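Engineer: Handing you a structure now.
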Amino acid sequence: MPAGGSLEAWIATSQRAAEDHERKARSLREGIARKQSGLLAERAVGQQLDPLGQQGWRVLHDRAVPGSTANIDHVLVGPPGVVVIDTKAHLGRVTIDASSVRVGGWSFGGKVEKLQTYGRAVAGACAGRAPVFNIVCFTEDVGLAAPRVWDQATLLELRQLDAWLHGLPQVLTPRQVWDLAELLEDVFPDRLAPKAAPQPSAPRPTRRPAAPAGPHARRPGNRRPGRRRGSTAAATARRLVALLALLVGLGVAQHVGLDALVPQPSHPNPSAVTAR
């Protein structure tokens with residue numbers, strides 16, 4: 001290795017790492033700038049919607065979509081029904097034809113389709129209790145002289161929103177508005193609301209052995225010492241009986257043998273013996 005070779009390798013590796021970090025930092029800064037524009041746009045729309053709460057509407061902001069990381073910017077529930085609003089801070093003119101919608105020359109159809117997905121989720125939760133409207137609200141001037149409809153979604157500018165909402169026919173009573181808003185608030189919770197802590201699961205019951213079928217049934221894992229002790233006692237008794245019988249037999253034999261060996265006196269005259 002030439003002189004300073006290890007330092008040269010370290011410098012090259014560090015330069016590549018620094019360039020990679022710089023690319024990531026640049027991407028993060030660009031993302032932050034976009035999110036800041038979106039934040040200002042959502043707040044601007046929210047400021048215009050909040051006063052509707054005093055006019056018989058329920059206003060829900062930043063609602064989570066169950067089963068995904070997406071969110072719905074605003075959900076309105078009022079006398080005309082339910083309005084799902086997606087806020088955009090895009091710059092450029094909106095151009096609409098029969099087959100496409102563009103903003104500043106860029107395709108916007110995918111974002112309209114995403115809004116419709118949210119609208120279908122809300123409509124499914126409503127279960128036909130109220131009409132559901134899908135709205136794309138631009139906070140910047142995008143050249144829309146009046147609200148435009150494309151593929152069942154209405155595109156309008158923020159300055160047109162209030163008049164559009166008040167131009168809808170009223171179909172729900174105040175009680176229906178309240179009940180439907182409560183339902184949607186549960187189905188689509190606040191995205192920043194703390195999640196409920198998971199409940200501990202119940203302990204799994206320990207499996208117990210089945211009860212014995214009768215008073216003399218053998219239990220698993222238990223021996224039957226009584227039977228073994230009984231068998232041993234019976235065998236011992238039999239041995240004792242056999243031993244006693246043997247001893248008795250030996251005693252009788254010995255007695256017979258001794259009598260045979262000892263000579264017996266002869267008494268030819270039994271009367272003499274009696275007289276004596």
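Engineer: Identify all residues within the range 68-88 that are of a type outside the set (A, V, I, L, M, F, W, C) and part of a strand (DSSP E or B); write none if there are none.
Structural biologist: Going residue by residue through the range 68-88, those that are of a type outside the set (A, V, I, L, M, F, W, C) are 68-69, 71, 73-74, 78-81, 86-88.
Scanning the range 68-88 gives Asn71, Asp73, His74, Gly78, Gly81, Asp86, Thr87, Lys88.
Engineer: Any residue that is among the acidic types (Asp, Glu) and surrounded by 15 or more Cβ atoms within 10 Å (Cβ to Cβ) - is there at least one of those in the range 50-61? Can you show your working first?
Structural biologist: Filtering the range 50-61 down to residues among the acidic types (Asp, Glu) leaves 50.
Narrowing the set further to residues that are surrounded by 15 or more Cβ atoms within 10 Å (Cβ to Cβ) leaves none.
Within the range 50-61, none of the residues are among the acidic types (Asp, Glu) and surrounded by 15 or more Cβ atoms within 10 Å (Cβ to Cβ).
Engineer: Going by the structure shown, is Ala125 assigned to a helix (DSSP H, G or I) and in contact with a helix residue (DSSP H, G or I) (Cβ under 7 Å, 6 or more places away or on another chain)? Steps first, please.
Structural biologist: Details: assigned to a helix (DSSP H, G or I): yes; in contact with a helix residue (DSSP H, G or I) (Cβ under 7 Å, 6 or more places away or on another chain): yes.
It is true that Ala125 is assigned to a helix (DSSP H, G or I) and in contact with a helix residue (DSSP H, G or I) (Cβ under 7 Å, 6 or more places away or on another chain).
Engineer: Related question: Looking for whichever is among the polar types (S, T, N, Q), in the same structural domain as Phe138 (by TED's automatic domain parsing) and either surrounded by 12 or more Cβ atoms within 10 Å (Cβ to Cβ) or closer than 18 Å to Leu158 by Cα (or both) here; the options are Ser37, Ser107, Ser68. Which one fits? Please lay out each step first, then the result.
Structural biologist: On the way: Ser107 fails: either surrounded by 12 or more Cβ atoms within 10 Å (Cβ to Cβ) or closer than 18 Å to Leu158 by Cα (or both); Ser68 fails: either surrounded by 12 or more Cβ atoms within 10 Å (Cβ to Cβ) or closer than 18 Å to Leu158 by Cα (or both).
Just a single option satisfies the conditions, and that option is Ser37.
Engineer: I'd like to check something: does the range 114-123 contain any residue that is in the same structural domain as Asp179 (by TED's automatic domain parsing), among the aromatic types (Phe, Trp, Tyr) and surrounded by fewer than 20 Cβ atoms within 10 Å (Cβ to Cβ)? Spell out how you get there, then give the answer.
Structural biologist: Taking the range 114-123 as the starting set, the residues that turn out to be in the same structural domain as Asp179 (by TED's automatic domain parsing) are 114-123.
Applying the additional criterion that residues be among the aromatic types (Phe, Trp, Tyr) yields 118.
Going one step further and asking which of them are surrounded by fewer than 20 Cβ atoms within 10 Å (Cβ to Cβ), we end up with none.
The answer is no, given that none of the residues of the range 114-123 is in the same structural domain as Asp179 (by TED's automatic domain parsing), among the aromatic types (Phe, Trp, Tyr) and surrounded by fewer than 20 Cβ atoms within 10 Å (Cβ to Cβ).
Engineer: Looking at the range 89-111, is at least one residue part of a helix (DSSP H, G or I), under 30 Å from Gln170 (Cβ atoms) and either without any contact (Cβ under 8 Å) to a residue 12 or more places away in the chain or among the β-branched types (Val, Ile, Thr) (or both)?
Structural biologist: Checking the range 89-111: not a single residue is part of a helix (DSSP H, G or I), under 30 Å from Gln170 (Cβ atoms) and either without any contact (Cβ under 8 Å) to a residue 12 or more places away in the chain or among the β-branched types (Val, Ile, Thr) (or both).
Engineer: Mind checking which residues of the range 48-67 are in a loop (DSSP other than H, G, I, E, B) and within 37 Å of the chain's Cα centre (by Cα)? Step through it out loud before you land on a result.
Structural biologist: Step one: filter the range 48-67 for residues in a loop (DSSP other than H, G, I, E, B), giving 56-57, 65-67.
Correct list: Trp57, Val65, Pro66, Gly67.
The values are calculated or read from the model by the stated rules, or taken from the named source; none is laboratory data. The structure presented is a predicted model; accordingly, all values stated were derived computationally and were not measured. Here the Cβ is made from the backbone with ideal geometry for all residues, glycine too, and neighbour counts use every protein chain on show.
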